[in-house]
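Undergrad: One structure follows; several queries about it will come next.
The values are calculated or read from the model by the stated rules, or taken from the named source; none is laboratory data. Keep in mind that this is a model prediction, so the values were computed, not measured. When we count neighbours, we look across all protein chains shown, and the Cβ atoms used for this are built from the backbone with ideal geometry, even at glycine.
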Ligand code: GLU
């Protein structure tokens, strides 16, 4: 078994032990239903042919159509996509959406592509995989390196085969059958979870300091919503560098600065901080909101935060998870903390199917209800079973998938 998937399996097995699942059931639940690897060949702007590798991995459909993002990133490979697809299965189950899990991606550095190349790449990928996805089969969404525009191209290309079909993909632009509140949803969900967790210790957002790794879609919205809620965001890093201000960064100004200069580095009125410095910063809450595998056996001993809220997928390696736990640092796992995105994807899919639009207040209200309810369920389960929150989240998610599988049969 590959490295990244082996790590994800470890958490699964901890829950499977507590659920007393048979080895046959474990094998059935872990093995993906379908893995597809395709050639994505397109004409580049310079007239040459660019050839890329694309994946769509469908992990489990026992609770409904499979759901999960589409990642365009140089580090995309089959092992990573399988890991992320399995995380989607447990994530949709933790927040009790009627979905299974899938993930896709193309190994590419989108910063090296023109808009035209990005569009042709997206359309070509749809040409290759259209028969395995669809509103009742598998519904892609944005992830790292993709956005609402990519989803619009995806839908448009899919519709060339099947006609009007807005529910074939989520995270679309609001002007083109997307949902209000989808773009901010993962960040908003993260803040909702951070607030609920602090609440368990008698604290509120203004009583805490926050450091965020990543200032992309998830990190920037989480920072903005924390800032609006009175939370003090003291540190932020991204690919260009990092900024630190113990008095709290003005996130609205930081966002405007990053939009203009391409990143957070050099934001006036702040000190520079490295990525390693940020992960070891003296804050209450550390929020990894970028790549996976950033908390390792090496740096986990340096973490000084009291709490970690995993906005990224798979940011903590199992060795680090153990060290953090031994050091009494409370970690809210990805499959709960970042489920706000897929939750509003679900609302978008529902609106598309019903041909009825929700307003922003309604989306936010329903999102907060689901996030809070799921948090409380995981929290109570952790207390009852005396296990970490991650184990409790897997217990809830894996338990639901296992029951659905047993009820449906094979
Ligand atoms: N890519 C997001 C995730 O990892 C959202 C998936 C979706 O909306 O389907 O959860």
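Undergrad: The conditions are (1) more than 20 Å from residue 58 (Cα to Cα); (2) more than 15 Å from the ligand (Cβ to nearest atom), and residue 183 fails exactly one of them. Which is it?
TA: (2)
Undergrad: I'm trying to understand the selection: among the residues of the range 252-277, which are surrounded by fewer than 22 Cβ atoms within 10 Å (Cβ to Cβ), within 25 Å of residue 193 (Cα to Cα) and touching a strand residue (DSSP E or B) at 6+ places or on another chain (Cβ under 9 Å)?
TA: 275, 277
Undergrad: Further, regarding this structure: From 47, 78, 116, which residue is touching a strand residue (DSSP E or B) at 6+ places or on another chain (Cβ under 8 Å) and either farther than 29 Å from residue 378 by Cβ or crowded, with 24+ Cβ neighbours inside 10 Å (or both)?
TA: 78
Undergrad: Looking at 234, 283, which one is over 16 Å from the mean Cα position of the chain (by Cα) and either within 16 Å of the ligand (Cβ to nearest atom) or assigned to a strand (DSSP E or B) (or both)?
TA: Being over 16 Å from the mean Cα position of the chain (by Cα) and either within 16 Å of the ligand (Cβ to nearest atom) or assigned to a strand (DSSP E or B) (or both) holds for just one of 234, 283, which is 234.
Undergrad: Then there is this: Conditions: (1) crowded, with 17+ Cβ neighbours inside 10 Å; (2) at pLDDT below 95. Residue 2 meets all but one. Number of the miss?
TA: Failed condition: (1).
Undergrad: Please find, within the range 16-31, the residue that is surrounded by the most Cβ atoms within 10 Å (Cβ to Cβ) out of those that are closer than 13 Å to residue 60 by Cβ and touching a residue at least 60 places away in the same chain (Cβ under 8 Å).
TA: In the first step, residues of the range 16-31 are kept if they are closer than 13 Å to residue 60 by Cβ; the result is 25-31.
Going one step further and asking which of them are touching a residue at least 60 places away in the same chain (Cβ under 8 Å), we end up with 25, 28-29.
On the way: 25: 16, 28: 16, 29: 20.
Filtering first and then ranking leaves 29.
Undergrad: Restricting to the range 334-349, name every residue that is in a helix (DSSP H, G or I) and in contact with a helix residue (DSSP H, G or I) (Cβ under 7 Å, 6 or more places away or on another chain).
TA: Residues satisfying the conditions are 334, 335, 336, 337, 340, 341, 342, 343, 344, 347, 349.
Undergrad: Return the only residue of 97, 87, 28, 42 being within 27 Å of residue 403 (Cα to Cα), more than 14 Å from the ligand (Cβ to nearest atom) and in contact with a helix residue (DSSP H, G or I) (Cβ under 7 Å, 6 or more places away or on another chain).
TA: Only one candidate passes the filter, namely 28.
Undergrad: Assess whether residue 81 counts as being within 12 Å of the ligand (Cβ to nearest atom), modelled with pLDDT of 95 or more and over 15 Å from the mean Cα position of the chain (by Cα).
TA: When the stated conditions are applied, residue 81 does not pass them.
Undergrad: Here's something else I'd like to know. Just one of 313, 352 is within 16 Å of the ligand (Cβ to nearest atom) and either free of Cβ contacts under 8 Å to residues at least 60 places away in the same chain or not in a helix (DSSP H, G or I) (or both); which is it?
TA: Testing whether each residue is within 16 Å of the ligand (Cβ to nearest atom) and either free of Cβ contacts under 8 Å to residues at least 60 places away in the same chain or not in a helix (DSSP H, G or I) (or both) leaves just 313.
Undergrad: If residue 206 satisfies every condition in (1) more than 16 Å from the ligand (Cβ to nearest atom); (2) in contact (Cβ under 8 Å) with a residue 12 or more places away in the chain; (3) closer than 30 Å to residue 127 by Cα but one, which is the exception?
TA: Evaluating residue 206 over (1) more than 16 Å from the ligand (Cβ to nearest atom); (2) in contact (Cβ under 8 Å) with a residue 12 or more places away in the chain; (3) closer than 30 Å to residue 127 by Cα leaves (3) as the failure.
Undergrad: Exactly one condition in (1) over 26 Å from residue 367 (Cα atoms); (2) within 16 Å of the ligand (Cβ to nearest atom); (3) in contact with a strand residue (DSSP E or B) (Cβ under 8 Å, 6 or more places away or on another chain) is not met by residue 8; state its number.
TA: With respect to (1) over 26 Å from residue 367 (Cα atoms); (2) within 16 Å of the ligand (Cβ to nearest atom); (3) in contact with a strand residue (DSSP E or B) (Cβ under 8 Å, 6 or more places away or on another chain), residue 8 is out only on (3).
Undergrad: For the range 162-171, give me each residue that is in contact with a strand residue (DSSP E or B) (Cβ under 9 Å, 6 or more places away or on another chain) and touching a residue at least 60 places away in the same chain (Cβ under 8 Å).
TA: Taking the range 162-171 first, the residues in contact with a strand residue (DSSP E or B) (Cβ under 9 Å, 6 or more places away or on another chain) are 162, 165, 167-171.
Selection gives 167, 170, 171.
Undergrad: I'm trying to understand the selection: among the residues of the range 227-237, which are over 12 Å from residue 281 (Cβ atoms) and touching a strand residue (DSSP E or B) at 6+ places or on another chain (Cβ under 8 Å)?
TA: The answer is 227, 231, 232.
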